[in-house]
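Below is one structure, written out as structure tokens, with a few remarks after it.
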């Protein structure tokens, strides 16, 4: 059962003090930031814990180990809930052997965390590290401290409804006049793109007669080739450098880098394609996601591709959709189907298609940003880099300058628009 209740139900004199990690913070649990060093928000949690103390840890400590990593003091008997990421295969022994694994969870829209419970008297409490053994991709646990409590027989959850937010800001409009340049797409004849195909022998790959299946196979190739790790941001965003970095370090890269690789491959294969930054409502200060947009000549329309999670989305008739069509369908409750496998680093996405669409993507389809020039090494180059941001009508209109050239940094230009037709404009095709 999902319900919405007021935060801060626990009105108590519980004090959490002397936290051994000086930068960690203890504050009332609500729809707040999970970590001190990342923007993930706790978006779903058991309502009976609303107002309990959340110790905001640092995600940079996700590789911590051992029996004595974190300690703090409490002034009364408490129930301690450790929110441990569900995708960590080996739970550390201090947690597995001494805490009760519950059916409860918290969710930040990007991952699910299982709650482990143990009761303590007043005094010092000591916790161990996050992992037992090496894991290729993981997230740090969070700590929830409540006055001594029993788990209710029926547990309601507080849930931040992204779909309602999309419905509230569902409108885009056509600009009466615009100074925004047109999108450009690098020719597959460029030497750097031809070299990319030769390097990975993609020009010799047997291409399916079905154009859509060709696009899906290219997405799957990138999903298998480049692991995804949202914590790893590379400085050089040229595709060959991204792949070399992943190969040499044995680690994944963030969704931006994964999408850059797919975009360059799509350009090299002769497709019109660009990167789409999928952005949330800033007031919720959550993480964003980066995906791909590719034009299908057989369908005469754009298609959404997500190489980090090996996914594309269709309507109930099997028609592949673009970002704007997915956003609209979510807003009005239209049936959507996630295709492609929905695979993250070789494993099924943690919450399935429902969590992917109604939590993760619903969060990140609020606003959009895209480079105006789609070409190899664009964001690492010294040339002027131009971006366009699409906002819905009613969103921060009093503080946003629309249809103007805005210098935001060295060699970086931004344009803001509410014109969906301009942002999703179909490319010229040969």
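Here, each number is a calculation from the coordinates, and none is a lab measurement. All figures in this text were calculated on a predicted structure; none of them were measured in a lab. Virtual Cβ from ideal backbone geometry, glycine too; neighbours counted across all protein chains shown.
Give, as residue ranges, the strands (runs of 3 or more DSSP E) completely inside the range 75-159 that count at least 2 residues that are closer than 30 Å to residue 252 by Cα.
78-85, 100-107, 112-120, 142-147
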Which of the residues that make up the range 210-233 are closer than 20 Å to residue 195 by Cβ and surrounded by fewer than 20 Cβ atoms within 10 Å (Cβ to Cβ)? 221, 225
Reported set for the range 255-296 where residues are surrounded by 24 or more Cβ atoms within 10 Å (Cβ to Cβ), touching a residue at least 60 places away in the same chain (Cβ under 8 Å) and assigned to a helix (DSSP H, G or I) is 260, 263, 264, 265, 267, 268
The condition from (1) under 23 Å from residue 21 (Cα atoms); (2) touching a strand residue (DSSP E or B) at 6+ places or on another chain (Cβ under 8 Å); (3) surrounded by fewer than 14 Cβ atoms within 10 Å (Cβ to Cβ) that residue 100 misses is numbered (1)
Against the conditions (1) closer than 30 Å to residue 283 by Cβ; (2) in contact (Cβ under 8 Å) with a residue 12 or more places away in the chain, where does residue 77 fall short? Just the number, please. (1)
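Just to be sure, is residue 316 in a loop (DSSP other than H, G, I, E, B), without any contact (Cβ under 8 Å) to a residue 24 or more places away in the chain and either in contact with a helix residue (DSSP H, G or I) (Cβ under 7 Å, 6 or more places away or on another chain) or farther than 21 Å from residue 396 by Cβ (or both)?
yes
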I'd like the full set of residues that are assigned to a loop (DSSP other than H, G, I, E, B), under 28 Å from residue 159 (Cβ atoms) and in contact (Cβ under 8 Å) with a residue 24 or more places away in the chain, limited to the range 33-74. 34, 38, 39, 40, 42, 43, 50, 51, 52, 58, 62
